[in-house]
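Report on the following structure.
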Amino acid sequence: MSTFDIPIGPQHPALPEPLLLKLEVEGESVVGVDFDVSYMHRGIEKLLETKTYFQGLPLVERICGICNAAHGLCYTLNVEKLYDKEIPSRAQYLRVVVEELSRIHSHLLWLGVAAFEIGFNTMFMYTWRDREHVMDMLEAITGNRVTTEYSQIGGVRRDISPELAEKLLKTMDVVEERTKYYIKVALTEPTIAKRTQGVGYLSPEDAKATCSVGPVIRASGIKFDVRADDPYAAHDEIPFNVITYDSCDVFGRIIVRAQELLECVNMIRYALKNLPSGPFRIKLPMKPNAGEALTRVEAPRGELLHYTLCEGTPKPYRYKVRTPTLANLGALRAMLTSKGRYVVNIGDVPIIYGSIDPCICCTARVQFIDVKKGKAWTWTLDEIRNMSKKVKA
Amino acid sequence: MSLESYLIEMLKVLVFPGFIFIFILALFYEWFDRKFYAKLQNRVGPLYAGPFGILQPLADLIKLLSKEDIVPKGVDRMLFTAAPLFSLTLSIFATLLLPIFSYKGILSFEGDLVITVVLLTFLCIITFFAGIASYNRFAIIGAERSFLQLIGYEIPLMISVVSVALNAHSLSIQNIVLSQKNMWYILGPNILGFIVFLFAAQAELERIPFDLPEAEQEIIAGWNIDYSGRRLAMFRLAKNIELVFLCGLAATLFLGGPLGPVVPGYEAIFFTIYFIIKSIFVLAILTIVRALFARLRIDQIVSFSWKYLLPLAIIQFLIVRLIV
Amino acid sequence: MSFEESLLNELKSVFGENIVESKIFKRRIFLKVSPEYYYKVVEFLVKEKGLYHLETMTATELKDYIEIIAHLGLSTSVSVKTAVDKNSPKIVSLCNLIPGAEFYEREIMDLMGVEFDGHPNPKRLVLPQDWPTGVHPLRKSFETRHNQPLRNVGGE
Amino acid sequence: MEISITFGYHTVFDCEVDRVMSMLSELLKNLFKKRATVLYPEEKDKVHVPEGYRGKLEFYREKCIGCTLCYQVCPSYTIEIITDEKGKRPVFNLARCTYCGQCEDICPTKSIHLTKQFEIISLDKKDLVVK
């Protein structure tokens, strides 16, 4: 049978962000795939070199809207390593609370998106409705729904009052109840099982070889979680289980994420009960010591990595961000072109793509709109207007 | 034929229960479907156009009609223009067979039940040609899928319809309605057939879990990807009228159509009300099914039809055969 | 002796003088090796020590050379640094060893202009397809337009 | 509950009813629930803004000592320092503000405050300049 190419993206209803998947299709089954992630131009790494460490924090938080708490946390932990100062443990606990809250909101959001990708609109509406509870709590604690800006260099921005903690615990009860319901639906609903079991197979060997991270590798049965392996903030004191599942398919990824929600709820409860007293923030000078630092954080999508090289100036000499989606692209290719057990159907592409919880804006953060050197590149507004006239005529 | 009776016939076709009534009903059904779907999902649904957003489908239709007419390069122009027209006319024609205000429809003859099934198949074939006409990759896949789906659901649909006909000893809709005077078929032996018919109707209407030909997340809009403006409006209207037709057909075949207790002299009004209530009941079930499931894959749909729907339909047929 | 120190000692006993520099942090070792031994050190760590997970690869333009770092590791991590020439940067690719290195190397290729020998798929990844060749945004010679503060509205 | 019909070893038909039920009962429950949507522009009183929300910025001139710390931490060049009769002071251009709250955080005299007001749209650029 002859093959033909199907472009999925850069604009496509199933893709929330611009990515081009060039699928080679034989009838309804996928035989080849190629990516292009170069549609989001932001240039954040270069931009960070022009800002001081304090100015960089709000920018880093905006790399990704969904896992911004993880980005902010990773950045602050990373920069604090340059100072050689002890950070108060109350701040570390509060950081974990907000990080886990944002993980709950991200996983609930992902559950909705996954349901949407397989055409299950009702589940999509329900999960996003229940996510609002978490968003409200984030807003009450940090002052904003999405860009939390909670973790600051030297501690956290605000303390949690006892009333707020009480309210948060109550919200956790709601979240736990709803999560249990979603796990039940995911396990029992026949169409979800049909659409996800055996789909997007990623063998443990492939998962290791492609260096995939986060729920993707854990759903292939490999116990790898930065919170347990390389604990940061207060994670070495707060107990939790690393969830793994060995079905190696999309179904496993749903179950892993859903079970992780319950773990998050328990971690928040533990952190709030055992919250140490003391200051929640110390002041640090604008200028860190020279040196290099590297921090890994388990973002909702997987291992997130920040690296910085400082030459003793207030501005970083080099700042590097590696987001989980970039690490999972190789795994995505392996899933989409898996040959033996299950040949991928066109209908499965959205859910497989969705199963890595992609965030292309994170991945392609290192580019530019404003370019001086490339000759034909600095178009002024008038030039663009002229061009559009030409196209019309 | 006298002028007066001629005029009455004309009124029947054009106003009630013909074109205008069906048109209004189609828009109302779409509104009901959307609002009920939203309610199930704890949302608001259409809200601003008219009271409770009841005019929203009309507003959508007017908006689409007033849009620029675009024919993409490289399409088969004739087929591209003809497909929406055919789709609309066939679906309107089909509704004329429904017994809305009396025991029979405007068009009624021995064997009209066969025509309804034929029309349903034709509507699907038009979908296929509409997709093929636009020469788009997604449209071709959508068209392919709509045909594959047809292979799956058509035979169970026919068997479930035939077992009703067998029960009534007639292939005419009028006789089927009349034979339900004592007991509706859904309460009698035809409950399985009703379930099969509902699933097949869902597939015919391309709604979740069988909305593969136009699966938004997979192939964008499937066979109607290139249609816009007036042509899309016609397709949408045709789909809504098909919805009326299928709900009405289910109500007629299994729920006794327009039958119910009436005040003598006002049969037409009562019959119409009963018919609408019953078909809205069917629509509500269809909407719940839409909210209940995720979309199946194409191979799963075909195997679902052959593994579950067909045995169910055959069992239904055997039950009816034993009774009659 | 902590696990990091013993690992470092083992590395030093195997590679001896080729490990130019080393630093130990909590659960992390920074190594600097000569370019010839870069692949061999990584191979040793992946095959012998089971550090199959490549976290990422970093390229930084320093004053005299471009520094490439391969960050390997699960719970204890090793960052293997090496230096490549600034004018014609070229280094062996890790893709044969770790297939997951492909995307990180393509990213460095785009942004820093380092060539990787033996890369299976040396195409653009993060830069637009019509980006001018030979322009690498993360080089220090590349200037952004907005490196000066924007003109402000002031008391207008 | 499970309905299944088997001939010999072949399951001809099986349907697990309670599988579908968990979703169906939730659907029907929601039918009688109040909608979750807040019709925002109509029901403004229902929008709950918590204490400490980072909204429109307020500036108290009498407290400011002109230390320019806010200028140094602002990531998006929102703040410009000008000199008036009392000395140095910031001027904020909210069109550029990202509402990160760094200036409020670092201000030693609490002369900058982010209010709960979140509707900041204006037709005039000058309304967005806080003096």
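A count restricted to segment B:289-306 and to residues that are within 8 Å of another protein chain (Cβ to nearest Cβ) and either in contact (Cβ under 8 Å) with a residue 40 or more places away in the chain or outside any helix (DSSP H, G or I) (or both) stands at 7.
Applying the criterion of being of a type outside the set (A, V, I, L, M) and buried (at least 24 other Cβ atoms within 10 Å of the Cβ) to the residues of segment A:202-213, the residue that is farthest from the other protein chains (Cβ to nearest Cβ) is A:Ser212.
Only helices (runs of 4 or more DSSP H) whose full extent lies in segment A:270-381 are considered here, and the ones with at least 1 residues that are at pLDDT 75 or above are A:324-336, A:349-355.
So C:Ser6 passes all but one of these: (1) open to solvent by less than 60 Å² (accessible area, probe 1.4 Å); (2) not in a helix (DSSP H, G or I). Which condition number does it fail? Against the list (1) open to solvent by less than 60 Å² (accessible area, probe 1.4 Å); (2) not in a helix (DSSP H, G or I), C:Ser6 comes up short only on (2).
D:Pro41 meets each of the listed conditions (1) open to solvent by 20 Å² or more (accessible area, probe 1.4 Å); (2) at pLDDT below 85; (3) in contact with a helix residue (DSSP H, G or I) (Cβ under 7 Å, 6 or more places away or on another chain) apart from (3).
Set side by side, the residues A:Glu189, A:Glu177, A:Glu132, A:Glu166 differ, and just one is open to solvent by 40 Å² or more (accessible area, probe 1.4 Å), within 13 Å of chain B (Cβ to nearest Cβ) and among the acidic types (Asp, Glu), which is A:Glu132. Scanning segment C:10-69 for residues that are in a helix (DSSP H, G or I), open to solvent by 10 Å² or more (accessible area, probe 1.4 Å) and either facing chain A (nearest Cβ under 9 Å) or β-branched (Val, Ile, Thr) (or both) gives C:Val14, C:Val46. Note on segment B:1-77: enclosed helices (runs of 4 or more DSSP H) holding 2 or more residues that are modelled with pLDDT of 90 or more and at negative phi are B:19-40, B:56-65.
Here is a yes/no grid of residues against (1) charged (D, E, K, R); (2) crowded, with 21+ Cβ neighbours inside 10 Å:
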| site | (1), (2) |
| --- | --- |
| A:Leu294 | no, yes |
| A:Glu311 | yes, no |
| A:Ala331 | no, yes |
| A:Asp357 | yes, yes |
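When you look at A:Leu101, is it of a type outside the set (S, T, N, Q) and either more than 21 Å from A:Gln152 (Cα to Cα) or open to solvent by 10 Å² or more (accessible area, probe 1.4 Å) (or both), yes or no? So A:Leu101 does not fit the description; no. Among the numbered conditions (1) within 26 Å of B:Leu113 (Cα to Cα); (2) at pLDDT below 85, tell me where B:Leu296 comes up short. Exception for B:Leu296: condition (1). Looking across segment C:82-92, just one residue is crowded, with 19+ Cβ neighbours inside 10 Å and in a loop (DSSP other than H, G, I, E, B), and that is C:Pro89.
Scanning segment A:83-98 for residues that are open to solvent by 10 Å² or more (accessible area, probe 1.4 Å) and of a type outside the set (Val, Ile, Thr) gives A:Tyr83, A:Asp84, A:Lys85, A:Glu86, A:Pro88, A:Ser89, A:Arg90, A:Gln92, A:Tyr93. Once segment A:58-93 is narrowed to residues that are over 12 Å from the mean Cα position of the chain (by Cα) and β-branched (Val, Ile, Thr), the residue that is nearest to the other protein chains (Cβ to nearest Cβ) is A:Val60. Summed over segment D:73-131, the residues that are among the acidic types (Asp, Glu) and in contact with a strand residue (DSSP E or B) (Cβ under 9 Å, 6 or more places away or on another chain) give a count of 3. The residue of segment B:18-38 that is most open to solvent (accessible area, probe 1.4 Å), among those that are in contact with a helix residue (DSSP H, G or I) (Cβ under 6 Å, 6 or more places away or on another chain) and within 14 Å of chain A (Cβ to nearest Cβ), is B:Phe36. For the condition at positive phi and within 9 Å of another protein chain (Cβ to nearest Cβ), A:Gly143 qualifies. Being among the basic types (Lys, Arg), within 20 Å of the chain's Cα centre (by Cα) and not in a helix (DSSP H, G or I) is a condition met by at least one residue of segment B:92-115.
Quick check on segment D:73-107: of everything there that is among the β-branched types (Val, Ile, Thr) and within 14 Å of chain A (Cβ to nearest Cβ), which residue is surrounded by the most Cβ atoms within 10 Å (Cβ to Cβ)? By that ranking, first place goes to D:Thr78.
Within segment D:27-45, being within 11 Å of chain A (Cβ to nearest Cβ) and outside any helix (DSSP H, G or I) holds for D:Lys33, D:Arg35, D:Ala36, D:Thr37, D:Val38.
Being assigned to a helix (DSSP H, G or I) and either of a type outside the set (Gly, Ala, Ser) or surrounded by fewer than 24 Cβ atoms within 10 Å (Cβ to Cβ) (or both) is true of B:Ala233. For the structure I just gave you, tell me whether B:Phe210 is open to solvent by less than 50 Å² (accessible area, probe 1.4 Å) and within 14 Å of chain A (Cβ to nearest Cβ). Here the answer is yes, as B:Phe210 does meet what is asked.
Answer with yes or no whether A:Val199 is aliphatic (A, V, I, L, M), open to solvent by 10 Å² or more (accessible area, probe 1.4 Å), within 14 Å of chain B (Cβ to nearest Cβ) and in contact (Cβ under 8 Å) with a residue 24 or more places away in the chain. In short, no. Looking at segment A:214-227, is at least one residue open to solvent by 20 Å² or more (accessible area, probe 1.4 Å) and acidic (Asp, Glu)? Looking through segment A:214-227, none of the residues is open to solvent by 20 Å² or more (accessible area, probe 1.4 Å) and acidic (Asp, Glu).
The values are calculated or read from the model by the stated rules, or taken from the named source; none is laboratory data. Since the structure is predicted, the reported quantities are computational estimates derived from the model, not experimental observations. Note: ideal-geometry Cβ built from the backbone for every residue, glycine included; neighbour counts use all protein chains shown. Only protein heavy atoms, including side chains, enter the accessible area calculation; ligands, DNA and RNA are left aside. Shrake-Rupley method; radii C 1.70, N 1.55, O 1.52, S 1.80 Å.
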